[in-house]
Amino acid sequence: MENPDSSNGEIMLNLIKGRHAIRDYETNRPVSEALLYKIIEAGGYAPSAENQQPWRVILVKDQAKQRRIGELAVERTIELFGRITPRQEIERRLNYVRALPSRERTIDWLITGRRFEYIKGEPETDGAPILLVLVVEATHVGNSQPTLRGTGGVYGWSSLRHSIIAGSMFLQNCWLAATALGLGACVSSVQLDHYDDVREISELLGIPHPHWTPIMCLAIGYPKFPRVRGPPRQPPEEITYVDTWGKNWQPQKKSMK
Ligand SMILES: Cc1cc2nc3c(=O)[nH]c(=O)nc-3n(C[C@H](O)[C@H](O)[C@H](O)COP(=O)(O)O)c2cc1C
């Protein structure tokens, strides 16, 4: 009989590999607060330096606010892919999409911003019913957690970098939890990549920016279509070096179980 720990390991690995970016949702199918609670709770189990927990989540329930955040995502996408990035470059990046019609559609969705309409949460574009905004402490990292309050950042080694790393782990936990619960999700940052947008979203949500900074959003909902495949990944032997930069690892695959 297989030992239970190793079968849990397989379940976990399958969950990790089965998580995909979902951008089409059943907008009118609500996600219960009980599920949302579990997702945010899972986020909070992420590690953070000194257990600083330098994060806050804003659950955007106001439809007008969600729409505005989505509009910023669409506007920036049009600027980035529709105006700044040359078409050949977009084609080069998407050449892993073998079927030409699918590649053309993806390109069209990027240059028109359609790809990120889901962030608005509107049924006409299969929007996500839930939008979370992850905010991290930017200037006094450590103050966000009562037992460390007053010490964080004082000695100079708790930086924004710590918050961003921890916040990313928080969101990944949320994303995996959502997947495990049968939901779809997708993180997005395009609406928070430009300083002006960070400021606008901070004002919209009353975030005390710049001390606290919104870094990413997580859309959540029931997926409209099942997605079984995502973009390809580089295998470990391509991204791992041994002892020296550029000296690729050659794993002995036979011994892998
Ligand atoms: C830092 C970061 C920023 C991202 N920004 C966006 C975004 O603005 N909009 C979006 O729809 N997806 C965004 N994504 C999702 C990625 O496009 C997606 O995870 C990646 O293409 C791999 O696909 P997969 O998640 O299905 O494996 C972002 C992911 C990360 C980690």
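The values are calculated or read from the model by the stated rules, or taken from the named source; none is laboratory data. The model shown is predicted, which means the values in this text are computed figures rather than measured ones. Cβ atoms come from the backbone with ideal geometry, glycine included; neighbour counts cover every protein chain shown.
Consider residue 206 carefully, then state whether it is out of contact with any Cys (no Cβ under 6 Å at 6 or more places or on another chain) and within 15 Å of the ligand (Cβ to nearest atom). In short, no. Of the residues contained in the range 182-192, one or more are found to be within 10 Å of the chain's Cα centre (by Cα) and aliphatic (A, V, I, L, M).
Do we have any residue at all in the range 21-39 that's out of contact with any Asp or Glu (no Cβ under 9 Å at 6 or more places or on another chain), under 24 Å from residue 224 (Cα atoms) and within 16 Å of the ligand (Cβ to nearest atom)? Before you say what the answer is, go through the steps one by one.
At the first step, the residues of the range 21-39 found to be out of contact with any Asp or Glu (no Cβ under 9 Å at 6 or more places or on another chain) are 21-22, 28-39.
If we keep only those that are under 24 Å from residue 224 (Cα atoms) as well, we get 21-22, 28-39.
Of the ones still in play, those that are also within 16 Å of the ligand (Cβ to nearest atom) are 21-22.
The answer is yes, given that some residue of the range 21-39 is out of contact with any Asp or Glu (no Cβ under 9 Å at 6 or more places or on another chain), under 24 Å from residue 224 (Cα atoms) and within 16 Å of the ligand (Cβ to nearest atom).
Residue-level check: of (1) of a type in the set (Val, Ile, Thr); (2) closer than 24 Å to residue 62 by Cβ; (3) surrounded by fewer than 10 Cβ atoms within 10 Å (Cβ to Cβ), residue 228 misses just (2). Within the range 188-203, residues that are under 18 Å from residue 81 (Cα atoms) and within 16 Å of the ligand (Cβ to nearest atom) reach partners that are of a type in the set (Asp, Glu) and at pLDDT 95 or above with beta carbons closer than 8 Å, at six or more positions or on different chains, in the pairs 191/197. Kindly indicate whether residue 99 is over 23 Å from residue 192 (Cβ atoms) and either among the hydrophobic types (A, V, I, L, M, F, W, C) or touching a Gly at 6+ places or on another chain (Cβ under 7 Å) (or both). When the stated conditions are applied, residue 99 passes them.
Based on what the data block shows, is residue 147 at pLDDT below 95, assigned to a helix (DSSP H, G or I) and more than 28 Å from residue 70 (Cβ to Cβ)? It is true that residue 147 is at pLDDT below 95, assigned to a helix (DSSP H, G or I) and more than 28 Å from residue 70 (Cβ to Cβ).
Do we find that residue 107 is under 19 Å from residue 198 (Cβ atoms), more than 19 Å from the chain's Cα centre (by Cα) and surrounded by fewer than 21 Cβ atoms within 10 Å (Cβ to Cβ) in this structure?
Numbers: under 19 Å from residue 198 (Cβ atoms): no; more than 19 Å from the chain's Cα centre (by Cα): yes; surrounded by fewer than 21 Cβ atoms within 10 Å (Cβ to Cβ): yes.
Answer is no for this residue.
Of the residues that make up the range 181-193, is at least one of a type in the set (Asp, Glu) and surrounded by fewer than 10 Cβ atoms within 10 Å (Cβ to Cβ)? Taking every residue of the range 181-193 in turn, none turns out to be of a type in the set (Asp, Glu) and surrounded by fewer than 10 Cβ atoms within 10 Å (Cβ to Cβ).
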